[in-house]
Amino acid sequence: MPDSGPRSLDELVVGKEVVIVCGSGGVGKTTTAAALGAMAAVTHGGRVLVLTVDPARRLADALGLPEFGNEARRVPPAAFGPAGSEARGELWAAMLDTKQSWDALVHRHAPDAETEARILENPLYQNVAGKFVQSHDYIAVERLYELHREGRFDLIVVDTPPTRNAVDFIEAPERMAELFSSRLLRLLIAPYRSRMVNLASRPFYQVADRILGSDFLSDIAEFFILFQTMYSGFVERARAVEALLAERRTTFVVVSTLEAAPAHEAEFFMKLLRAKRFHVGGLVLNRVLPAYLADPVVSDSAARVVAEADRLAEVLYPLVDAEAPKVASVLAEVGETCRNLQVVARAEATQRDQLSVLAEVVATAPELEADIHDLAGLLRLGRSIWG
């Protein structure tokens, strides 16, 4: 790692406008994203937005917000007091509303009011907008781009879906552009665009209508014909979104634990990001055992406790008001547990070293004693990884 690079998440985030947090499910990705946003608001100032793409009710609860959706809501400044902090800046939160975001996109790109109304009233759009392949991922990056372009926030922290879906998230602009220019789509809508079905294709459409319902294919065709009127806007916007994800003001932070499956996912995703020339700024490893457990001195001490359990119990049992054999049993169990934990700690250290070469900054957080359910908990996690 070059000496001039960031040495902590604090230094990494201070120079960025967009931080995209990724990771597999169950590794603390959502809470880590919120903790990063909270720490940035406390230490850096400015206006910080945490945007969750993977809807998580617990995030609203932890931030002390009764609810939030597509429109950003500010975390009350008074909420920082009970958390033992005072924010230099403002912390905001938003949760992606897919349907509302699609409606806004149609409004933005439709060539005229009549086309906009026909799209919004189309049965297929009403039933599946926000559900068909890639739509959720595309609208998420579209919403990120729109929020960034508005310039209301100095930093946007994005909590993405679990890793494999996060791949779809970063590839969504390209795939959406490909969809609206695909040969398959042109073949599907060609008969309806020309308002006639040739003899070869008529039986197919008649059978499809009987199976799928009257006018099903015509609804599809109309839907995509109308959407193609927005094609140039889609493509232009998709390229702009791709540029935002790749530029120096944007960085990716991958969250994982050092368990085998999540660590493998993290390695896969960081390599993919680097291959696509995205900036992998940080790796946050949650629920990591304390580093001292990997020290050989700890192992030697634990082995001595096991070997000398009976003798140590003779000294300790009057102090703990328990029988010496029971104290000896506890000491032996504690010593053996410590030795087992050291095996895990050493494996974690090896895994951490292997992953650390893929990110500029590596931060670790211990197993927390309780689940995070408020802003104070988010800030405790944030301080442990911030630097």
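Data for the structure
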| item | result |
| --- | --- |
| Order of LEU285, LEU244 - criterion: other Cβ atoms within 10 Å of each residue's Cβ, fewest first | LEU244, LEU285 |
| Computed Kirkwood radius, in angstrom, where 1/r is averaged over Cα pairs of the range 293-347 | 11.4 |
| Neighbourhood net charge (9 Å Cβ-Cβ; Lys/Arg +1, Asp/Glu -1) for ALA93 | +2 |
| Length added when fully stretched, ARG274-VAL334, from 0.36 nm per residue minus Cα-Cα | 17.3 nm |
| Exposure proxy ranking, count of Cβ atoms within 10 Å, fewest first, for ARG237, ARG118, ARG248 | ARG248, ARG118, ARG237 |
| GLU259 paired with GLU174, simple spin-label distance in nm, labels 7 Å along Cα-to-beta-carbon | 3.1 |
| Proxy reagent accessibility, fewest Cβ within 10 Å first, across LEU319, LEU91 | LEU319, LEU91 |
| Label-point gap, in nm, between ALA324 and ALA349 - each point 7 angstrom along Cα→Cβ | 3.7 |
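No lab work stands behind these numbers, since they all come straight from the coordinates. Just so you know, these numbers come straight off a predicted model, no measurement behind them. No Cβ is skipped: glycine too gets one built from the backbone with ideal geometry, and neighbour counts run over all protein chains shown.
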